[in-house]
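The values are calculated or read from the model by the stated rules, or taken from the named source; none is laboratory data. As the structure is a computational prediction, the values presented were derived from the model and not from experiment. Virtual Cβ from ideal backbone geometry, glycine too; neighbours counted across all protein chains shown. Ligands, DNA and RNA are excluded from the accessible area calculation, which covers all protein heavy atoms including side chains. Shrake-Rupley method; radii C 1.70, N 1.55, O 1.52, S 1.80 Å.
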Amino acid sequence: HAKHMGKNTHQIYTPSMNITSHKVYYLEKDIRKAIYRDELFLEYQPKVSSKTGEIMGAEALIRWEHSEWGRVSPGEFIPIAEESDLICEIGNWVIYQVCQQLHDWKRSGIDLVPISINVSPKQLLKENFTQTIMEACKIYSIDPTSLHIEITETSLIQSSIVVNETLTTLKDIGITLSLDDFGIGYSSLTHIRQFDLDVLKIDKSFINNLPDQQEDVTIISSLITMAHGLGLKIVAEGVEKQDQLSFLQQQECDYIQGYLFSKPILANEFITLLNKNRLQNKHPHYT
Ligand code: C2E
Ligand code: MG
Ligand code: MG
Ligand code: MG
């Protein structure tokens, strides 16, 4: 293993590989080992009510601390993992990790908020996906209503029977379904009509230029009206500025997520923030 020979070896590096493909090569190899090397962990990003500032839930986001490369962002390694069945292994690890965390919090007497889990299309296509969820809930005595699942439209475009049945079963057992990154990629209103979703998460790219860009203002206010008309809740992703928040509050967007309120943080930091938030009942941002 080049890894054990230190950082200065160029053993496997060939001139035909640029730095990027060199890195991809190693990442791909090392993702396999990341789980048992204990290099993966989760951070939690709060989701707050835009009206009251109350923390209503959190999204679990995977983190990888690679021994050589340092922090590798999920935007970099999830797509690589998605090329193989590895994404399912990682995905299962996340499910069990979240359920264990909820179990630990419950045991310490913490009043839970639902935790959202990101699920890849490949995972959702597995026949045993719902079983995995139910098994994890059973092992850790977790009520499925404590779990939200975030899917992307890539999961819905195949309109496969498996995905359809899986989503129906998930809803039946009380899991809330969110459509992530709404507005980009394969967006189609058909998906909203066809599937029994609960939440639309509007992609950050539509939030970035609020409230200055008129097109985005129109799109967001129409999306919120449409979602509410269809009985869906709306989450705005990537809210970073006070004037974005003010606009979203004015438009009666249900929830916000973003650096303005909190970056993704470690489990214990999240609990500290949750306790503080519950004491205050109102966050300073919302005066
Ligand atoms: P996502 O599910 O859309 O998650 C939102 C991303 O936006 C997260 O990036 C989050 O840290 C970031 N974010 C939140 N608020 C702000 C903000 O105000 N400003 C900016 N600049 N960014 C903000 P992250 O954690 O790097 O994750 C990237 C993507 O990787 C996620 O996008 C999701 O698609 C994927 N991912 C993360 N964890 C998992 C996982 O456990 N399983 C799967 N399948 N995918 C995951
Ligand atoms: Mg997400
Ligand atoms: Mg998203
Ligand atoms: Mg995204």
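Listing for the model above:
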{"item": "Lone unmet requirement of (1) more than 16 Å from the chain's Cα centre (by Cα); (2) part of a helix (DSSP H, G or I); (3) over 14 Å from Leu179 (Cα atoms) for Ala227", "result": "(3)"}
{"item": "Output for the stretch 133-142, where each listed residue is over 19 Å from the mean Cα position of the chain (by Cα) and closer than 12 Å to Leu170 by Cα", "result": "Met134"}
{"item": "Pairs where the first residue, in the stretch 44-69, is modelled with pLDDT of 95 or more and the second is outside any strand (DSSP E or B) and of a type in the set (Asp, Glu), C-beta under 7 Å, 6+ apart", "result": "Val48/Glu54; Ser50/Asp254; Trp64/Glu39; Glu65/Glu39"}
{"item": "Residue within the stretch 250-259 that is part of a loop (DSSP other than H, G, I, E, B), open to solvent by 70 Å² or more (accessible area, probe 1.4 Å) and within 16 Å of ligand 3 (Cβ to nearest atom) present", "result": "yes"}
{"item": "Only listed residue being within 16 Å of ligand 1 (Cβ to nearest atom) and on the phi < 0 side of the Ramachandran plot, chosen from Leu179, Leu189", "result": "Leu179"}
{"item": "The stretch 215-241, residues that are surrounded by fewer than 16 Cβ atoms within 10 Å (Cβ to Cβ) and within 16 Å of ligand 3 (Cβ to nearest atom)", "result": "Glu240"}
{"item": "Residue satisfying all of: in the stretch 201-214; touching a Phe, Trp or Tyr at 6+ places or on another chain (Cβ under 8 Å) and more than 19 Å from Glu150 (Cα to Cα); nearest to ligand 3 (Cβ to nearest atom) among these", "result": "Leu210"}
{"item": "Residue tally, condition open to solvent by 60 Å² or more (accessible area, probe 1.4 Å) and either free of Cβ contacts under 8 Å to residues at least 24 places away in the same chain or closer than 19 Å to Gln97 by Cβ (or both), over the stretch 119-144", "result": "10"}
{"item": "Unique residue being within 16 Å of ligand 3 (Cβ to nearest atom) and farther than 21 Å from Gly258 by Cα when the list is Ser155, Ser146", "result": "Ser155"}
{"item": "Filtered residue count, the stretch 127-156, keeping only those that are at pLDDT 95 or above and in a helix (DSSP H, G or I)", "result": "14"}
{"item": "Test: residue in the stretch 267-277 that is part of a loop (DSSP other than H, G, I, E, B) and open to solvent by 30 Å² or more (accessible area, probe 1.4 Å)", "result": "no"}
{"item": "Qualifying position, being away from ligand 4 (no atom under 16 Å from the Cβ) and either within 16 Å of Gly183 (Cβ to Cβ) or assigned to a loop (DSSP other than H, G, I, E, B) (or both), among Glu240, Glu215", "result": "Glu215"}
{"item": "Restricting the stretch 173-203 to residues that are open to solvent by 30 Å² or more (accessible area, probe 1.4 Å) and out of contact with any helix residue (DSSP H, G or I) (no Cβ under 9 Å at 6 or more places or on another chain), the residue that is modelled with the highest pLDDT", "result": "Arg193"}
